[in-house]
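The values are calculated or read from the model by the stated rules, or taken from the named source; none is laboratory data. Note that this is a predicted model, so its numbers are computed, not measured. Here the Cβ positions follow ideal geometry from the backbone for every residue, glycine too, while neighbour counts run over all protein chains shown.
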Protein chains: 2
Amino acid sequence: MNLTRFTDYSLRVLIFVGVHRERLVSIQEVSEAYRISRNHIVKVVHQLGRLGFLENVRGRKGGIRLAREPKDIRVGDVVRATESGFVLLECFDPRQNRCAITPACRLMDTLATGLERFMETLDGVTLQDLLKPKTALKHLLAPRR
Amino acid sequence: MNLTRFTDYSLRVLIFVGVHRERLVSIQEVSEAYRISRNHIVKVVHQLGRLGFLENVRGRKGGIRLAREPKDIRVGDVVRATESGFVLLECFDPRQNRCAITPACRLMDTLATGLERFMETLDGVTLQDLLKPKTALKHLLAPRR
């Protein structure tokens, strides 16, 4: 069981941008701070823009910033939007499902309830909560010499 | 977010064997009932044996059967044993983790708590619960002509 790398990087980008709210952030510095390839960050930033989490200010002095208040970005919202699917078992994808016992099977209900409990936990935490250790995060994200 | 196919097939094998508790079951009939390749089922059965969920009776009239009472097999136990890992984010695997903010990051705690809620739900359901629609399951698993 895992989340995609895309979700992982999305959350990290939001934390970086959230920690530096007083200014615009460049893709380059996010890439360097986390030592993640620029290409990955470009894709993540583009998608987070489409999803309404980030705003892209164009131009020579441009950069990215949060499109919403940190308190209005729940971890669950990000995970729900960036995960490509929640196919816990074959039967979670009706188009692909060939499992013979689906009509009488109680597994799907069990796992769907478990998934709800998981997402409820993530919905109880916002980006604002994640940013509380701001000084420590800023320090860890600072450029290395 | 998904579970491995191995976990999916493991749960299905346990349901098949549980539905036919009055006799030994062959790998061939499980494979046919679910239309899953024999090779996959062989691997799953072998692993479920090693994990103490199934018993293998050798010989010409041999087959497989449950090694424990259905009420003593929690869905959570199976998932915990058959999933290769619960690496929700890079930081869940200390050997691979290179994330710069790990010391001050609250994401891991959030996701670990969510995972606990997920597993608690699965621990609240046993194979016995899954077997309750027994007649319907038996019908759906019956050989097709």
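Please determine, by comparing only the residues of the range A:1-34 that are under 16 Å from A:V78 (Cβ atoms) and surrounded by fewer than 18 Cβ atoms within 10 Å (Cβ to Cβ), which one is farthest from the other protein chains (Cβ to nearest Cβ). Residue satisfying both the conditions and the ranking: A:F6. For the range B:55-105, filtering for residues that are within 30 Å of A:K138 (Cα to Cα), surrounded by 13 or more Cβ atoms within 10 Å (Cβ to Cβ) and of a type in the set (K, R) leaves 0.
Please tell me if A:V87 is of a type in the set (A, V, I, L, M, F, W, C) and either modelled with pLDDT under 95 or within 25 Å of B:T110 (Cα to Cα) (or both). Answer is yes for this residue.
Inside the range B:106-130, residues that are crowded, with 21+ Cβ neighbours inside 10 Å and over 26 Å from the mean Cα position of the chain (by Cα) make up a count of 1.
Residues of the range A:6-35 being part of a loop (DSSP other than H, G, I, E, B) and of a type outside the set (D, E), which ones?
Answer for the range A:6-35, where residues must be part of a loop (DSSP other than H, G, I, E, B) and of a type outside the set (D, E): A:H20, A:R21, A:R23, A:L24, A:S26, A:R35.
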